[in-house]
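**Student:** This is the structure I want to talk about, given as structure tokens.
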Amino acid sequence: MPDVRLLRNNVGGSARMKVFTLRRALIVLLLLLCCRGVILHGQAQDDAADTARLIEVLGLRDGSVVADIGAGSGQLTVRIAPHVGRTGIVYSTDVNPERLREIRAAIKKLEQQNVQVVEGASDRTNLPERCCDAIFVRHVYHHFGAPPAMNASLRESLRPGARLAIVDFAPDAGVSAPPGRRDTAPNHGVTPETVMNELMAAGFTEVQRLPWSSPGYFLIVGRRSQ
């Protein structure tokens, strides 16, 4: 006949182990949620600072037409749209269909009527010629596989006198890899000198590096003169 006390002890120990495992799982989940909250809060702060800096550098105001190239989920698109007002336009582009769906969902949720979502391409903006008062490209330039073609398209999408802003980060290697190989470590990123040289080769003038809002990134601006 089995020892009843032993069975009770085994059952009790198993129950306590399940409770302990459940508590540990809940603690891990709470820690993960807290970390995610901190990351999202930090990203939101960076997005707000970056938006304010772009508005300042590009001279955006009510009625401006601006393009967000490689907009991702539209984090900056939805922040800049209210600033340019009902008479302004924000072209929000990306090459990823899923990102485009996220942008459309975001602007629908916020009821923003002045955003036009455009499917971009790897070597062109797919925007009308001379449509923009300003264009910005945040954290995307190093992904360009054909910078000469893309920069030419960016220039054609700007009106004469309009400005382009490139925000990116330098690779750990300290030098830029050839186009198409700038998105993997240790070559992940692009140097500001490379961006400046490629923009000048595309015909941009007044190309210069300016202070940026988020640490670890740089800002290069250039102008279409004619």
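The values are calculated or read from the model by the stated rules, or taken from the named source; none is laboratory data. It should be emphasised that the depicted structure is a prediction, and the values quoted were computed from it without experimental measurement. A quick note on method: Cβ atoms are made from the backbone with ideal geometry, for glycine too, and the neighbour counts reach across all protein chains shown. Heads up: the accessible areas ignore ligands, DNA and RNA and are worked out on the full protein's heavy atoms, side chains in. Shrake-Rupley method; radii C 1.70, N 1.55, O 1.52, S 1.80 Å.
**Student:** When you go through (1) open to solvent by 40 Å² or more (accessible area, probe 1.4 Å); (2) touching a strand residue (DSSP E or B) at 6+ places or on another chain (Cβ under 6 Å); (3) of a type outside the set (Phe, Trp, Tyr); (4) within 24 Å of residue 81 (Cβ to Cβ) one by one for residue 156, which number turns out not to apply?
**Tutor:** Condition not satisfied by residue 156: (2).
**Student:** Moving to a separate point now. Of the residues in the range 180-224, how many are in contact (Cβ under 8 Å) with a residue 24 or more places away in the chain and assigned to a strand (DSSP E or B)?
**Tutor:** Residues flagged as in contact (Cβ under 8 Å) with a residue 24 or more places away in the chain and assigned to a strand (DSSP E or B) within the range 180-224 amount to 7.
**Student:** Here are the criteria: (1) over 16 Å from the mean Cα position of the chain (by Cα); (2) in a loop (DSSP other than H, G, I, E, B); (3) under 22 Å from residue 67 (Cα atoms). Tell me which single one residue 134 does not satisfy.
**Tutor:** Only one criterion in (1) over 16 Å from the mean Cα position of the chain (by Cα); (2) in a loop (DSSP other than H, G, I, E, B); (3) under 22 Å from residue 67 (Cα atoms) is unmet by residue 134, namely (2).
**Student:** Right, another one. Which condition number in (1) within 24 Å of residue 168 (Cβ to Cβ); (2) of a type in the set (S, T, N, Q); (3) open to solvent by 20 Å² or more (accessible area, probe 1.4 Å) is the one that residue 125 fails?
**Tutor:** Result: residue 125 passes all but (3).
**Student:** Answer yes if at least one residue in the range 42-53 is out of contact with any helix residue (DSSP H, G or I) (no Cβ under 6 Å at 6 or more places or on another chain), assigned to a loop (DSSP other than H, G, I, E, B), among the small types (Gly, Ala, Ser) and under 26 Å from residue 207 (Cα atoms), and no otherwise.
**Tutor:** no
**Student:** Let me ask something additional. In the range 60-119, how many are in contact with an Asp or Glu (Cβ under 6 Å, 6 or more places away or on another chain), open to solvent by 40 Å² or more (accessible area, probe 1.4 Å) and aliphatic (A, V, I, L, M)?
**Tutor:** Residues meeting the conditions: 0.
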